[in-house]
Every structure is written in C-alpha cells, then in structure tokens.
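Presented below is the structure to which this report refers.
The values are calculated or read from the model by the stated rules, or taken from the named source; none is laboratory data. Since this is a predicted model, take the numbers as computed values, not measurements. Ideal geometry is used to build each Cβ from the backbone, glycine not excepted, and the neighbour counts take in all protein chains shown. Areas reflect the complete protein model, heavy atoms only, side chains present, ligands, DNA and RNA absent. Shrake-Rupley method; radii C 1.70, N 1.55, O 1.52, S 1.80 Å.
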Amino acid sequence: MKAKLAFDVVSDPEAVLAIVEGLDPGVVGCTARLAITAEAVVNDSRPVHGKREAFTHAFRISGERQVIAIPRSRSMPYSYDGRHVDVVLKAELRIDDGVLFDTKIKAQIEVDPPVRPGAAQCAKHVVEPPDRYRFWANWLAIPARNKAAALVLGLVGAIVGAVNTALGVHDQLAPEGQTYLYSHRDSDGDAQSPLLSSGAVTGGAALVIWFALRRQLRTYMTFRADSRPVARLGRDTEAVVGELFHGQARVPLRNVVLRIVACNMERGQYVRGSGSSRRTVSFKEPVRGLVLYEKQAAEIPAGVPVESFFPDTVSFAPLFDSLFPPLSVTKDHGVDVYWEIQLLHDEYVDQELVGDVSGLTLADFHAPRTAAVEPVSTPPKPSLPMPIDAPLPDDFQ
C-alpha cells in the first residue's frame, strides 16, 4: 500500500477530517486529488441511480500525515437510508504517480444526518389525504364556463379512448405488416401485445384528462397564495394563518378543515416498459409527514373571505425539528423539504397550495430543537451518518 486514507467524523463539529498518509517514498511530492461523491441509490427493481461530485481538493503528498478539513457549513450531503432512495457518500484519493496507471484509494464515508424523532403514521395520508366529494354538488357549484370546459374534456377523452382502443383491437387481430399503429414487435424485436400497448396509452390519456377535470371541479371557489407571503421560511418563522392565503367560495362551506402540513419528499427515477414503450419515470414520495396546523370551521358563508376564519398563528419551527435538510444529488434524485396548505371538505374537491422553500437556510436544521414533535410517516431506517461541503444545488441557493 503506497498511501492510506481515513476519515474522522467525530473530532471536529465544524468539519469532516480526511487523513492522508504517504507510506511509500515514491509518492512523496506527487500531485493528488481527493474527491467526495454523493450517490443516490433508488430502491426499485429497475432503478435509475444518480450521482454528483460533492467536494474536491488538489494537493501534493508530503512525507507527513496530512489532514484535510471538509467544512459542514453549506449544502451538507449526508448518508441517508430511506424508503425509496438511499444516499451513499464515497471518497476516492487519486495519486499521480504512474506512467500508465495512477494509484487509487477508495473508501465509503458514513456522515450522520441531524438526529430526528421517530415517526408514527403514513406521510402519504397526511400530505395526500383521500379526497371525498360529491360530484353533482361540485358540478352545480362551478361556473358555466367551467362546466363547458369539463364537458369538452370528457368528450375529448371519450373520443381518444374509443379510437385508441379500436386501433389496439385491430392491430391485435391484424397480421404484422398490416397494423395501423401498434406493432406486434418492440424495437428490440421482442413480442408485444398491441392491445396492451393501446391500453397503456389510453390509461395515460385518461389520467391526464381526469386531472384536468378535477381542476375544473375546483373552481367552486378561489384559493390562492396571499400577496404577502412569508419572506423567508426559517426556524423562527411565525405567521398568521389567514395571511398566508386568500379564498372565497361561490357556495357555503360547512365543516371545512384547514391544515398546514409538511414532509420530506424522496425523489428518484426508475425504468418501466420495454422496447419502443421503454420510458424513464420520475417519482416523488412523501416521508416523515407532520401537521403544523389544523382547525375546523363549522360554516363559512358564500362570498366571505375564508382566511378571516383562521386568525391563529402557526410556527414553522417543528418543520426544522422533524424533517431532514434538503439533500440534492441531481435534479431528479435526492430528498426535498415540502409544505402545503390544505382546505379539506367532504362535499367539494379539496384545495391545496404548495409552499415556497427557496429561502431555506440549512443551519436552521442543525439548531437546538425548540420542542418535541411527533412526525407522521414511516421513518427512514437508522442511517449511516454526518455532513460534507459542496456548492448548494441551484434550487437551494
């Protein structure tokens, strides 16, 4: 062994210490490069992993023990053991000492995230609660122009579905070479069913049209962010709930519930389909959900500002106590912080507003906890541990 690479993640609370020792006189004076890479490992049968170089340092090997301090002050990649995505930190020391091959020493670093309390319930239920509503009540409550838009969407969906299904049936029964749209073979030459292929396309189109229809059904009221949003979301942020949004319904709202919820959002990619239908799917899955605020209003008359019924103050400190800091490996892989305002009703389609997280300061996640919090979600398995410096990703500058 020409050199030794080790890491000290305990001695210095402000930095991870990389310890390099040149054991062979032949490497003394050679240039070297230490690189720390964050790798996102997607837990799926057909995963698409992601990675980025989080830290690099160029230096010369000396004849003495060298200590390289890697500050924990900014973007702080950390080891993460999640439900859908894991993040692993790997180090490589490359010494330019050979004509054909350089000396390479590799290691894995265990960098602890901030300690977080355990979780109890399903984060998906907190962030995406079942939407119970009566279709005809919604239909009668929305404006005429939105009824017309919904009818057009339904008609287009019916036509697209019927035509595409007919094509699938024809191509399934027709011999290869006489099909219209769906082949019996994919791009790799493997057999495929035209009927199943057309069914997948019809299902995707139906889903898109359904989301568009739900958007029309939400027009029984206005629900938008207030013109005076939170200047910067931080541990010390407190806000009057009614100043975070503005809403006004065309119909009376009874037993409506307003909630402010937050969670970590694991994101990654996986592959589905094969041949010509092969595609890369990006996903976001909530974990570690918690409710920051919840209140029920017995009745809100039509035309009355909804926000006037919620004069309470909400503190965002529990978000920083219970959630992990943002951890971005690539634009499609990592762990995000997410919060939203929900207006829940059993008769009408639920409303939601996604909160802004662009001003998050990572130091707020490492400050002393202000209060005990019980997040709701299945917690990540106990993780390996602790933070390394790298430029903040664009979405968290």
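Taking region 60-84 as the range and being under 19 Å from residue 5 (Cα atoms), open to solvent by 30 Å² or more (accessible area, probe 1.4 Å), in contact (Cβ under 8 Å) with a residue 40 or more places away in the chain and not in a loop (DSSP other than H, G, I, E, B) as the test, the residues that pass are 66, 67, 69, 71. For region 289-316, taking the residues that are in contact with a helix residue (DSSP H, G or I) (Cβ under 8 Å, 6 or more places away or on another chain) and of a type in the set (Asp, Glu), the one that is least open to solvent (accessible area, probe 1.4 Å) is identified as 307.
Among residues of region 1-59 being of a type in the set (Lys, Arg) and closer than 28 Å to residue 80 by Cβ, the one that is farthest from the chain's Cα centre (by Cα) is 4. Taken over region 1-32, the residue count meeting the criterion of being surrounded by 15 or more Cβ atoms within 10 Å (Cβ to Cβ) and not aliphatic (A, V, I, L, M) is 5.
Taking region 38-54, which residues are open to solvent by 30 Å² or more (accessible area, probe 1.4 Å) and touching a strand residue (DSSP E or B) at 6+ places or on another chain (Cβ under 6 Å)?
Applying the first criterion (open to solvent by 30 Å² or more (accessible area, probe 1.4 Å)) to region 38-54 yields 39, 41, 43-49, 51-53.
Once the filter is applied, which keeps residues that are open to solvent by 30 Å² or more (accessible area, probe 1.4 Å) and touching a strand residue (DSSP E or B) at 6+ places or on another chain (Cβ under 6 Å), region 38-54 yields 39, 41, 44, 46, 47, 48, 49, 51, 52, 53.
The listed residues are 239, 225, 212, 205, and the only one of them that is open to solvent by 40 Å² or more (accessible area, probe 1.4 Å) and small (Gly, Ala, Ser) turns out to be 225. Taking residues in region 273-300 that are of a type in the set (Ser, Thr, Tyr), and partners anywhere that are open to solvent by 60 Å² or more (accessible area, probe 1.4 Å) and not in a strand (DSSP E or B), the pairs with Cβ atoms closer than 8 Å and at least 6 places apart or on different chains are 274/188; 274/190; 276/187; 277/200.
Of the residues in region 156-181, how many are within 28 Å of residue 213 (Cβ to Cβ) and at pLDDT 80 or above?
Counting residues in region 156-181 that are within 28 Å of residue 213 (Cβ to Cβ) and at pLDDT 80 or above gives 14.
Can you confirm whether residue 176 is within 30 Å of residue 362 (Cα to Cα) and either open to solvent by 70 Å² or more (accessible area, probe 1.4 Å) or free of Cβ contacts under 8 Å to residues at least 24 places away in the same chain (or both)? When the stated conditions are applied, residue 176 does not pass them.
Out of 254, 250, report the one residue that is in contact with a Phe, Trp or Tyr (Cβ under 6 Å, 6 or more places away or on another chain) and open to solvent by 50 Å² or more (accessible area, probe 1.4 Å).
Values: 254 fails: in contact with a Phe, Trp or Tyr (Cβ under 6 Å, 6 or more places away or on another chain).
Checking each option against the conditions leaves just 250.
Checking the conditions here, which among 114, 77 is within 20 Å of residue 284 (Cβ to Cβ) and under 32 Å from the mean Cα position of the chain (by Cα)? Show your work before the answer.
Working: 114 fails: within 20 Å of residue 284 (Cβ to Cβ).
Criteria check complete, one pass: 77.
Specify the residue that is nearest to residue 334 (Cα to Cα); the eligible residues are those in region 85-102 that are open to solvent by 50 Å² or more (accessible area, probe 1.4 Å) and in contact (Cβ under 8 Å) with a residue 24 or more places away in the chain. So the residue we want is 90.
Each row is one residue, and each column tells you yes or no for (1) modelled with pLDDT of 85 or more; (2) of a type outside the set (Lys, Arg); (3) assigned to a helix (DSSP H, G or I); (4) open to solvent by 90 Å² or more (accessible area, probe 1.4 Å).
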position	(1), (2), (3), (4)
104	yes, no, no, yes
111	yes, yes, no, no
116	no, no, no, no
119	no, yes, no, no
140	no, yes, yes, yes
151	yes, yes, yes, yes
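Cβ separations smaller than 8 Å between residues 6+ apart or across chains give the following pairs from region 204-230 residues that are more than 21 Å from residue 348 (Cα to Cα) to residues that are modelled with pLDDT of 85 or more and acidic (Asp, Glu): 226/243; 226/307; 228/243; 229/356; 230/356.
Every residue, every condition in (1) open to solvent by less than 30 Å² (accessible area, probe 1.4 Å); (2) at pLDDT below 95; (3) of a type in the set (Gly, Ala, Ser); (4) in contact with a His (Cβ under 7 Å, 6 or more places away or on another chain), yes or no:
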residue	(1), (2), (3), (4)
258	yes, no, no, no
267	yes, no, no, yes
273	yes, yes, yes, no
287	yes, yes, no, no
318	no, yes, no, no
321	yes, yes, no, no
329	yes, yes, no, no
